[in-house]
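Let me begin by presenting the structure, written as structure tokens, before commenting on it.
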Amino acid sequence: MTVAKGRRGVAMTLAALVGVAAVAFVVHRVLAPAEVETPASAAYPATATPTIGVVGRLPAAPLIVDGRLRVYAATRQVYADQPADSRNRVTPYWSYRRWPAEVSGVVADATTVVSRWSDGKLVALDARTGRVAWQSDGPEPADGWTARRTGAGTVWAPPGLFLARAADGRPVLVVAGPERVAGFALADGRRLWSVDVDGGCRDDVATTSAGQLVAVDRCAAPVAVEFRDVATGTPTVRLTPTGATADLTVTPVGCVSPRSRCRGLHAEGFADGAGRGWLVGTADPVTAPGLDAAGTELDGERAVGTAGGVVTARSARTGEELWRRADLGPARILAVQPGRVHLLTETRDLVTLDPRTGAQRSRFRLEVGRDGIGWAAGLAYAGGGYVAVERLREPVAPDADDQRYFLMSEPVLLAAT
């Protein structure tokens, strides 16, 4: 009897150990760090030639890559679909996932798509195949996924992630975190430089078309706008605007891609309440009165703004008026891209003007199906001839959950101009 009880005890102990091992195996499989690369199985698509007008509606915010793909971000995934002018989101062309890290930001240059993750990892994907081109360890971001459901804040305004061109033309990726800023060769992920910073009193703003990283430095008086060479990390210019307060903010304008390779800056936060503008397409910033007004955008050296139902272009350097349009009614600049200024009217018409002449390139209602025009514009993006915009419920409730905040389950409109 005692022997039988002993055998049962051993069997129960073994069973318990097997159960614990099984649970541990499952937990390891589920929670262990992992990455899943799902490359493209079809041929690289041809460049899309969309018809001017609304292309369709999407549940997520797209980045247009190489005129052929749309790249999206989710909490732990970067993926693409195609063609770029598809009316709806379709089955992914390729996908890349990581666990448990979260996506912090995504940028794209030509056929290279770079994602930044909450653990600081930088992962470059070849847009043509979806395969990993390189990985590198960069500065950890302050946060992981911070965007709403569409992911627009991750792909249209990626925090601390900038593209640039060095003086010799080499593409550079600049990555900023709360404690460190570093530059990487976009071709292979090689780290070019790294500097320690105090993110508590410093804001990285953009890169310029002259190959410099722009930051607002409040760490010591007076407040300064700092310029740093993107290839070496060496500070080049330190601008201390007269009358700047500790609330100084700088907004980039005239950018090739979101906050990257920009030709101008607009600043607010001065004792006199006025704004200031500079051109930064050369080694040293140049005062630009045409960029002093808030909301002004830049194409080349033409500053375009709206006021009182009139759209006006001025010389950025002198403020001299170049052309005006008073026939569009109340409108706001929704987005810009090289050679195109996109305005949204009160009746939700998307009007695209040539910034050189003011001539209208296209005009159409931003409406699809029976969705109507009773919405407010959220984040917007322009690239590759396309415009995308989030549609928000009115009245806009910034603190509401996504179901109340967005107009519907597919809140992003994509249009070709």
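The values are calculated or read from the model by the stated rules, or taken from the named source; none is laboratory data. Treat the numbers as computed from the prediction; the structure is a model and nothing was measured. Every residue, glycine as well, gets a Cβ built from its backbone with ideal geometry; the counts of neighbours run over all protein chains shown. The protein model used for the area step is the full one, side chains on, heavy atoms only, and it has no ligands, DNA or RNA in it. Shrake-Rupley method; radii C 1.70, N 1.55, O 1.52, S 1.80 Å.
Between ALA267, THR249, ILE333, whose Cα lies farthest towards the positive end of the dipole of the chain when Lys and Arg beta carbons carry +1 and Asp and Glu beta carbons carry -1, centred on the Cα centre?
ILE333
So if I take the alpha carbon set of the chain, get Rg, then get Rh from the Kirkwood formula, what is the Rg over Rh ratio? Show your work: numbers first, answer last.
Values: Rg = 24.7 Å, Rh = 23.1 Å.
Taking Rg over the Kirkwood Rh, I get 1.07.
Which chymotrypsin sites (Phe, Trp or Tyr not before Pro) does the range 240-340 hold that lie in a coil by DSSP with at most 11 other beta carbons within 10 Å? Write out the running numbers ahead of the final one.
Working: sites: PHE270, TRP278, TRP323; in loops: none.
Of the chymotrypsin sites (Phe, Trp or Tyr not before Pro), not one in the loops of the range 240-340 has a Cβ with at most 11 other Cβ atoms within 10 Å.
If you average the alpha carbon positions of the range 199-268 and of the range 306-337, how far apart do those two centres end up, in angstrom?
25
Solvent-accessible area per residue for the range 293-417 at a 1.4 Å probe radius, Å²? The partial results should precede the final answer.
On the way: 5470 Å² over 125 residues.
Dividing the accessible area of the range 293-417 by its residue count gives 44 Å².
Give the share of C-alpha pairs in each 5 angstrom bin for the range 196-259, from 0 to the last occupied bin, in whole percents, shortest bins first.
Values per bin, smallest distances first: 4, 18, 27, 26, 18, 7, 1.
What number do you get for the range 100-231 when its Cα radius of gyration is normalised by 2.2 N^0.38 Å, N = residues? It would help to have the intermediate numbers written out before the result.
Details: Rg = 14.3 Å, N = 132, 2.2 N^0.38 = 14.1 Å.
For the range 100-231, the normalised Cα radius of gyration comes out at 1.02.
Kirkwood hydrodynamic radius (Cα pairs, Å) of the range 35-159?
14.5
Would you work out what percent of the accessible area of the range 131-219, with all protein chains in place, is carbon or sulfur (probe 1.4 Å)? Please report the intermediate quantities before stating the final value.
Values: 1450 of 3430 Å².
After summing per-atom areas, the C and S share lands at 42 percent.
Would you please put 46-58, 114-126, 190-202 in order of how densely packed they are, using the mean number of other Cβ atoms within 10 angstrom per residue and starting with the highest?
Per-residue Cβ counts within 10 Å, averaged per peptide and sorted highest first, yield 114-126, 46-58, 190-202.
Assign unit charges at the C-beta atoms only (+1 for Lys and Arg, -1 for Asp and Glu), then state the dipole size of the chain relative to its Cα centre in Debye, rounded to the nearest 20.
Numbers: 47 positive and 44 negative charges, 294 e Å.
Using Cβ point charges on Lys, Arg, Asp and Glu, the chain gives about 1420 debye.
Place a +1 charge on the Cβ of each Lys and Arg in the range 35-159 and a -1 charge on the Cβ of each Asp and Glu, then give the dipole magnitude about the Cα centre in debye, rounded to the nearest 20. Could the numbers behind the result be given before it?
Details: 14 positive and 12 negative charges, 98 e Å.
About 480 debye.
Would you work out the charge dipole size for the range 344-417 about its Cα centre, treating the Cβ of every Lys and Arg as +1 and the Cβ of every Asp and Glu as -1, and quote it to the nearest 20 debye?
Working: 9 positive and 11 negative charges, 73 e Å.
Roughly 360 debye, rounded to the nearest 20.
With θ taken as phi - 60° and the coefficients 6.51, -1.76 and 1.60, list the Karplus ³J(HN,Hα) couplings across the range 361-373 in order, rounded to whole Hz; mark glycine and proline as x.
Here the 3J(HN,Hα) series is 8, 6, 7, 6, 6, 7, 8, 9, x, 10, 5, x, 10 Hz.
Using 14 Å as the cut-off for backbone N distance, which residues of the range 108-149 belong to the label zone defined by a point 7 Å from the Cα of ASP401 along Cα→Cβ?
Counting only backbone N, you get 149.
Once neighbouring chains are kept in place and the probe is 1.4 Å, which whole percent of the accessible area of the range 225-331 is contributed by carbon and sulfur?
Carbon and sulfur atoms account for 51 percent of the accessible area of the range 225-331.
Toward the positive end of the charge dipole of the chain, about the Cα centre and with charges on Cβ (Lys, Arg +1; Asp, Glu -1), which of GLY358, TYR44, ALA61 goes farthest?
The listed residue farthest towards the positive side: TYR44.
What is the projected area of the convex hull of the Cα atoms of the range 161-287, averaged over all directions, in nm²?
Details: hull surface 28.1 nm².
For the range 161-287, averaging the hull's shadow over all directions gives 7.0 nm².
Express in nm, to one decimal, how much length is gained between ARG131 and ALA110 on full extension, taking 0.36 nm for each residue of separation and deducting their alpha carbon distance. Mind showing how you got there, number by number?
Values: separation 21, 0.36 × 21 = 7.56 nm, distance 1.52 nm.
This chain segment gains 6.0 nm when fully extended.
Hey, how many Å between the Cα centroid of the range 51-75 and the Cα centroid of the range 351-401?
Here the answer is 14 Å between Cα centres.
Once you have the Cα-Cα distance between SER41 and ARG317, take 0.36 nm times their residue separation minus that, and quote the gain in nm to one decimal. Don't skip to the answer; put the middle values down first.
Working: separation 276, 0.36 × 276 = 99.36 nm, distance 5.08 nm.
94.3 nm is the gain from fully extending SER41 to ARG317.
For helix 2-31, what angle does its Cα long axis make with the longest principal axis of the chain, in degrees from 0 to 90 and rounded to 10?
The two axes meet at around 10 degrees.
With a 1.4 Å probe and all protein chains left in place, how much accessible area per residue does the range 60-207 have, in Å²? Working shown, then result.
Working: 5260 Å² over 148 residues.
Normalised by residue count, the accessible surface of the range 60-207 is 36 Å².
With each run of n ≥ 4 DSSP H residues scored as -39500 (n - 2.57), what mean residue ellipticity at 222 nm is computed for the chain after dividing by its residue count and rounding to the nearest 500 deg cm²/dmol?
Values: 3 runs with 38 residues, N = 417.
So the helix-based figure for the chain works out to -3000 deg cm²/dmol.
Once you have the Cα-Cα distance between THR51 and GLU367, take 0.36 nm times their residue separation minus that, and quote the gain in nm to one decimal. Let's see the in-between values first.
Working: separation 316, 0.36 × 316 = 113.76 nm, distance 1.51 nm.
So the chain would gain 112.3 nm between THR51 and GLU367.
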